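The values are calculated or read from the model by the stated rules, or taken from the named source; none is laboratory data. Only a predicted model underlies this, so the values are computations on that prediction, with no experimental measurement involved. Neighbour counts run over all protein chains shown; Cβ positions are idealised from the backbone, glycine included.
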Amino acid sequence: MRTKEKILFYFNGNFNDICIPLLELYLSFQYLDAIGNSEQTLNFHNNTFNMPKKKYELGLIGLGVMGRNLLLNMADSGFAVAGYDKNQDQVKTLMEEAKAYDMYGAKNVKDFVRSLESPRKILLLVPAGKIVDYVIQDLLPLLDKDDIIIDGGNSFFRDTEKRQKSLAEKGIHFIGMGVSGGAEGARRGPSMMPGGNKKAYNKIKKIMEAVSAKVNGEPCITYLGQGAVGHYVKMVHNGIEYGLMQLLGETYDIMKRGCNLSNPKIAGHFTEWNENELDSFLVEITSKIFKKKRKGSKKYVIDIIMDASKSKGTGKWTSQNGMDLGMPIPTIDIAVGTRYISRLKDERVAASKILKGASYKIKTNDKAAFIEKLRNALYFSFIVTYAQGMALMREASEEYKFKLDLEGVSRIWRGGCIVRAALLEDFRKAYDRNPKLVNLMVDKDIAKKLNKLQKDTREVLALCIQSGLPVAAFLNSLAYYDGYRSERLSANLIQAQRDFFGSHTYERLDKKGIFHTEWEK
Ligand code: 6PG
């Protein structure tokens, strides 16, 4: 017997007095366990928000700052929306922020579901993992056939597939929708990546298009296809995000330890780069980070942050999926790996006293010219990182029958999301010219750029290697480019070795067939 039923069984007296508080308490602890968040305060019986008579167009569960901002964005666009969170403090905060709007903050899940028009459209913005299942479990008994649940979190696409399948059996539509742009994006317009049943998507299309970011008047949302494709695309978005962030981290290290530049100087370079070809959200926020001082102090915030980075899993999943599909995405792989190296802080401190390298100083007589080349190396590596992610999606589309339109993906990534950049318009044009493009790097316009930028990239990286600076994401980007453009690689030796020790056979350049050599005879 499920615990919920057990409680009902033991307390069949005054349901409202005993069962509801106990049920809420039990489910809340379930949620809090799943999130591992002990900071949330439990505040159940808040009767401030009475059950309204009218019906709301969409309901959102998960009223963290992102959820609240998205609801405010929807209300701004003229939609009547409702919100719910187990943590009633979040509901209170929403209602304070939404005073000027027609919005309903529900005090329990039943009232919340009852307040929605049919078919109900319920957007979840809760942490990925078990908690999504707990929320679905809570909703299910209250839902009707054809209701729509939209998971806007960073769920693993395989989990989304399972949820879609089991909910479809109950007649409920489940849309996996990547939402990118953080709290600010949610308020001003995020980029959204929906996948699932098309008819169900059409029912939420109007509201989602209205709240999404716009570029040249076009919404940064498009229906991506059946199944879990929305969460797949968001996963790869995040993989690319990891790669770009690591490249920016290495650029900072080259400027700081390699060139001895001050924070304001570093900020100045990123600001200038952001005004030209490298125009992007991540370069923009990076320039701002180097300007930020601690309140009432001359110290910069960046200098007091521990050099050990965390992650929630989407980069790792992208990397694992690349391995599963046999698709090389080395910049993304190493971006995940370098986060892990960063976390070995104590080991690194100890090793720094044992292992020798160079001085970290870049040997150059012309710093200004070097910085200009560094900009080109970053631009080159940004393009190569996107190319890896896009190539992975092309392969996944074949393998999982996603029928993914990469022109559409480039289009909706131009605004609102974390990887938005001027470059995305170049990529969109490339896929528009050739929807079957195997790799962005071989598009004529992009190839022209790479051919020009690669020389400076090599010069910069040669100096970095001599200096001892760790620039793994840059090196992996160049290695991907060099590997991809090599007509002939050394893989014939690997085949010979495999055949030598394991009779694994090999194919030949001059003849069709499978061959084996008795190497020691
Ligand atoms: C976005 C981001 C977001 C993600 C953070 C943190 O598109 O808005 O990708 O979804 O949660 O970037 O990810 P990590 O904790 O793994 O760095």
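Against the numbered list (1) farther than 30 Å from residue 363 by Cβ; (2) of a type in the set (D, E, K, R); (3) more than 19 Å from the chain's Cα centre (by Cα), residue 234 comes up short only at (3). When we screen 247, 261, 278 for residues that are within 16 Å of the ligand (Cβ to nearest atom) and over 30 Å from residue 161 (Cα atoms), the only hit is 247.
Can you list the helices (runs of 4 or more DSSP H) found entirely within region 88-162 that contain at least 1 residues being of a type outside the set (Lys, Arg) and within 16 Å of the ligand (Cβ to nearest atom)? Before the answer, list the steps.
Values: elements: 88-97, 109-114, 130-139.
The helices (runs of 4 or more DSSP H) meeting that bar are 130-139.
Taking every residue in region 154-172 that is outside the structural domain of residue 136 (by TED's automatic domain parsing) and within 16 Å of residue 232 (Cα to Cα) and pairing it with any residue that is more than 16 Å from the ligand (Cβ to nearest atom) and part of a loop (DSSP other than H, G, I, E, B), at least 6 positions away or on another chain, yields no pair with a Cβ-Cβ distance below 8 Å.
For every residue, the table says whether it meets (1) modelled with pLDDT of 95 or more; (2) part of a loop (DSSP other than H, G, I, E, B); (3) not assigned by TED's automatic domain parsing to the domain that holds residue 330.
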position	(1), (2), (3)
463	yes, no, no
466	yes, no, no
469	yes, yes, no
474	yes, no, no
481	yes, no, no
495	yes, no, yes
498	yes, no, yes
521	no, yes, yes
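When region 64-86 is filtered for residues that are charged (D, E, K, R), surrounded by 22 or more Cβ atoms within 10 Å (Cβ to Cβ) and part of a helix (DSSP H, G or I), only 68 remains.
Given the structure, is residue 205 touching a strand residue (DSSP E or B) at 6+ places or on another chain (Cβ under 9 Å), closer than 17 Å to residue 128 by Cβ and among the basic types (Lys, Arg)?
Answer is no for this residue.
If you go through region 171-195 and keep only what is small (Gly, Ala, Ser), within 8 Å of the ligand (Cβ to nearest atom) and within 18 Å of residue 122 (Cβ to Cβ), you end up with just 178. The set of residues in region 71-129 that are closer than 22 Å to residue 163 by Cα and not aliphatic (A, V, I, L, M) comprises 84, 85, 86, 110, 112, 118, 119, 120, 121, 127, 129.
Scan region 281-317 for residues that are in a loop (DSSP other than H, G, I, E, B), within 25 Å of residue 181 (Cα to Cα), away from the ligand (no atom under 16 Å from the Cβ) and among the small types (Gly, Ala, Ser) and the total you get is 0. For residue 234, the stated conditions do not hold, so it cannot be described as within 18 Å of residue 341 (Cα to Cα), within 16 Å of the ligand (Cβ to nearest atom) and buried (at least 20 other Cβ atoms within 10 Å of the Cβ). Selection of first residues in region 305-324 that are in contact (Cβ under 8 Å) with a residue 60 or more places away in the chain and of second residues that are within 10 Å of the ligand (Cβ to nearest atom) and not in a helix (DSSP H, G or I), restricted to Cβ pairs under 9 Å at least 6 apart or on distinct chains, gives the following pairs, ordered by first then second residue: 312/127; 312/128; 312/154; 313/128; 313/154; 314/128; 314/154. Among the conditions (1) assigned to a helix (DSSP H, G or I); (2) under 22 Å from residue 380 (Cβ atoms), residue 277 misses just one, which is (1).
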